[in-house]
1. What is the extension gain from SER122 to GLU33, computed as 0.36 nm multiplied by their sequence separation minus the C-alpha to C-alpha distance, in nm to one decimal?
2. Among residues other than LYS113 whose Cβ falls under 14 Å from its Cβ, what is the net charge (Lys/Arg +1, Asp/Glu -1)?
3. Could you calculate the contour length gain from ASN46 to ARG16, that is, 0.36 nm times the residue separation minus the distance between their Cα atoms, to one decimal place in nm?
4. Taking R0 as 30 Å, what FRET efficiency do you get between ARG91 and GLU114 from their Cβ-Cβ distance, rounded to the nearest 0.05?
5. Taking N as the number of residues in the stretch 66-125, what value does Rg over Cα atoms divided by 2.2 N^0.38 Å take?
6. How long is the gain from GLN81 to PHE8 if the chain were fully straight, where each residue apart is worth 0.36 nm and the alpha carbon distance is subtracted?
Amino acid sequence: MPLFGNTFSPKKTPPRKCASLSNLHSLDRSTREIELGLEYGIPTMNLAGQSLKFENGQWVAESGSFTGDRREMQRLRKRNQQLEEENNLLRLKVDILLDMLSETTAESHLMEKELEELKNHSRRRK
């Protein structure tokens, strides 16, 4: 028998409180989405005074928010198309020039080979 009583006497733990005091768990799904911010909506941004929204994988100007001139927009689109066509033409020209260069190089190598063979053949005769 211990002298001063029981040496191992753990304290009793207090009872746990309710896990959540919030009443959000009792709300229906749509109310919870609104309260917790799970409904994000369409992403929007303001760039150079123009409001844009992200729809179907592309940024689209919101109606009525475009402050620029429509003619300027059409002119820029037309210029962009011209530059794309010019770029395609230049790429085609580069491809043709590369083909011509490789053909000329191949012919040059063949002529050098023939020249070497003729030199070797003439040395054998002497």
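1. Details: separation 89, 0.36 × 89 = 32.04 nm, distance 9.35 nm.
Taking SER122 through GLU33 to full extension adds about 22.7 nm, to one decimal.
2. Neighbourhood net charge equals -4.
3. Net length gain for the segment: 5.8 nm.
4. Once the sixth-power term is evaluated, E becomes 0.30.
5. Working: Rg = 25.9 Å, N = 60, 2.2 N^0.38 = 10.4 Å.
That works out to 2.49 for the stretch 66-125.
6. Gain on stretching GLN81 to PHE8: 17.6 nm.
Rule-based calculations on the coordinates, nothing more; no lab input. A quick note: this is a predicted structure, and the numbers were derived from the prediction, not measured. Virtual Cβ from ideal backbone geometry, glycine too; neighbours counted across all protein chains shown.
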